[in-house]
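Have a look at the structure below, then the notes.
The values are calculated or read from the model by the stated rules, or taken from the named source; none is laboratory data. Because the structure is predicted, anything quoted here is derived from the model rather than measured. Because the Cβ atoms are built from the backbone with ideal geometry, glycine has one as well, and the counts that use them run over all protein chains shown. Side chains included, ligands, DNA and RNA excluded: accessible areas come from the protein's heavy atoms. Shrake-Rupley method; radii C 1.70, N 1.55, O 1.52, S 1.80 Å.
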Amino acid sequence: METKTKKAVELFHKGEYKAAFKIFKTFKIGFSKEERRMIEIANDVFCGNEKFYQMIGIDTKDIVNKSLNLIRLRYE
């Protein structure tokens with residue numbers, strides 16, 4: 001049986017970040033509150049809502065890079 005974590009990591013390694021972050025954003029354990037928020041924002045950016053976060057002053061490129069690095073450090 002394939003777990004959510006295994007599926008998300010597999011998608012991440014394939015470069016399918018949008019699908020991977022869609023799963024990672026549902027995780028309740030394993031990430032701090034701040035890390036979960038970063039992952040949620042990164043997921044929204046991958047889904048096409050980048051302009052909204054830029055309008056409210058969030059550096060979306062920085063958040064996405066930090067989120068990608070976070071996943072790499074945890075699951076590689």
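Structural remarks
- Candidate set from segment 38-48 (those that are surrounded by fewer than 17 Cβ atoms within 10 Å (Cβ to Cβ) and touching a helix residue (DSSP H, G or I) at 6+ places or on another chain (Cβ under 9 Å)); member that is nearest to residue 16 (Cα to Cα): 47
- Members of segment 23-50 found to be of a type outside the set (S, T, N, Q), farther than 13 Å from residue 74 by Cβ and free of Cβ contacts under 8 Å to residues at least 24 places away in the same chain, listed by number: 23, 25, 28, 33, 34, 37, 40, 44, 45, 48, 50
- Residue 53 in contact (Cβ under 8 Å) with a residue 60 or more places away in the chain and either open to solvent by 70 Å² or more (accessible area, probe 1.4 Å) or out of contact with any Asp or Glu (no Cβ under 6 Å at 6 or more places or on another chain) (or both): no
- Looking across 12, 21, one residue alone is over 9 Å from the mean Cα position of the chain (by Cα), open to solvent by less than 40 Å² (accessible area, probe 1.4 Å) and either among the hydroxyl-bearing types (Ser, Thr, Tyr) or modelled with pLDDT of 95 or more (or both). It is 12.
- Selected residue (criterion: nearest to the chain's Cα centre (by Cα)) from residues of segment 24-37 that are open to solvent by less than 100 Å² (accessible area, probe 1.4 Å) and among the charged types (D, E, K, R): 25
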